[in-house]
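Each value in this text was obtained by applying a stated rule to the coordinates, not by laboratory testing. None of the values given here were measured: they were computed from a predicted structure. Note that we place each Cβ from the backbone using ideal geometry, even for glycine, and neighbour counts take in every protein chain shown.
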Ligand SMILES: Nc1nc2c(ncn2[C@@H]2O[C@H](COP(=O)(O)OP(=O)(O)OP(=O)(O)O)[C@@H](O)[C@H]2O)c(=O)[nH]1
Ligand SMILES: [Mg+2]
């Protein structure tokens with residue numbers, strides 16, 4: 001649920017990066033932080049263990065010129081992949097406007113990816129949301145590794161649905177397709193916002209045809 005403030009003309013959206021442990025969620029935010037103009041970006045806040053495992057979440061806020069007359073901010077969060085932190089996952093997923101599911105492409109990680117996707121589905125349901133209603137983008141990460149499973153196989157495992165999610169092949173360590181993934185989920189979130197916003201709640205300057213779409 002985006003937060004709209006008509007007084008100071010701001011709208012903010014929440015995007016959560018989920019996925020199996022060590023799939024590359026934090027690396028995505030690090031690359032986004034490194035590649036974007038520092039003037040339009042907050043500091044990257046990370047709470048991790050000594051081994052760089054995410055302990056609570058990472059957070060990065062980025063500004064975009066996306067809605068006429070309103071300052072638009074995307075709040076990006078990662079959640080730790082480890083199941084012991086499921087309560088955190090549920091907490092961070094609350095009020096999410098969109099999700100990037102970061103899958104580890106390595107062949108031996110597919111069972112973990114599936115479990116993680118199932119856990120995402122269950123946690124969204126518990127929050128009164130659903131994988132079918134929320135904008136979701138899949139990212140098949142670690143494509144640079146020699147044991148990466150074929151993309152067709154990953155699509156069969158994770159994207160075999162009536163309306164497939166947009167999916168990207170990435171290497172979050174070098175940044176390949178990290179911004180393309182971010183752009184896709186941001187566009188999907190804005191599209192959903194335009195579809196759902198009633199004229200009374202909408203920012204005044206939004207074109208009426210976008211609201212009626
Ligand atoms: N080869 C390769 N390594 C990657 C890629 N993306 C991330 N890594 C490495 O994988 C390890 C884990 O990356 P993180 O970004 O910390 O993973 P995470 O999903 O945030 O991990 P948790 O928060 O512990 O669940 C790090 O050593 C990264 O450098 C990639 O695309 N290719
Ligand atoms: Mg992490």
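Results, tabulated for the structure shown:
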quantity	calculated
Top-ranked residue of the stretch 1-30 - restricted to ones that are more than 9 Å from ligand 1 (Cβ to nearest atom), surrounded by fewer than 22 Cβ atoms within 10 Å (Cβ to Cβ) and not in a loop (DSSP other than H, G, I, E, B), ranked as farthest from the chain's Cα centre (by Cα)	5
Residue list for the stretch 45-55, restricted to those being closer than 28 Å to residue 190 by Cβ and either within 10 Å of ligand 2 (Cβ to nearest atom) or surrounded by 17 or more Cβ atoms within 10 Å (Cβ to Cβ) (or both)	46, 54
Number of positions in the stretch 105-122 that are under 15 Å from the mean Cα position of the chain (by Cα) and crowded, with 19+ Cβ neighbours inside 10 Å	3
Residue list for the stretch 2-26, restricted to those being out of contact with any strand residue (DSSP E or B) (no Cβ under 8 Å at 6 or more places or on another chain) and within 16 Å of ligand 2 (Cβ to nearest atom)	21
Per-region count, the stretch 84-129, residues within 12 Å of ligand 1 (Cβ to nearest atom), more than 25 Å from residue 176 (Cα to Cα) and in contact with a helix residue (DSSP H, G or I) (Cβ under 7 Å, 6 or more places away or on another chain)	1
Test set (1) closer than 14 Å to residue 182 by Cα; (2) in contact with a strand residue (DSSP E or B) (Cβ under 6 Å, 6 or more places away or on another chain); (3) more than 10 Å from ligand 1 (Cβ to nearest atom) - residue 35 fails condition number	(2)
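Results for (1) on the phi > 0 side of the Ramachandran plot; (2) out of contact with any helix residue (DSSP H, G or I) (no Cβ under 8 Å at 6 or more places or on another chain), shown as yes or no for each residue.
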residue: 14; (1), (2): no, yes
residue: 22; (1), (2): yes, yes
residue: 44; (1), (2): no, no
residue: 52; (1), (2): yes, no
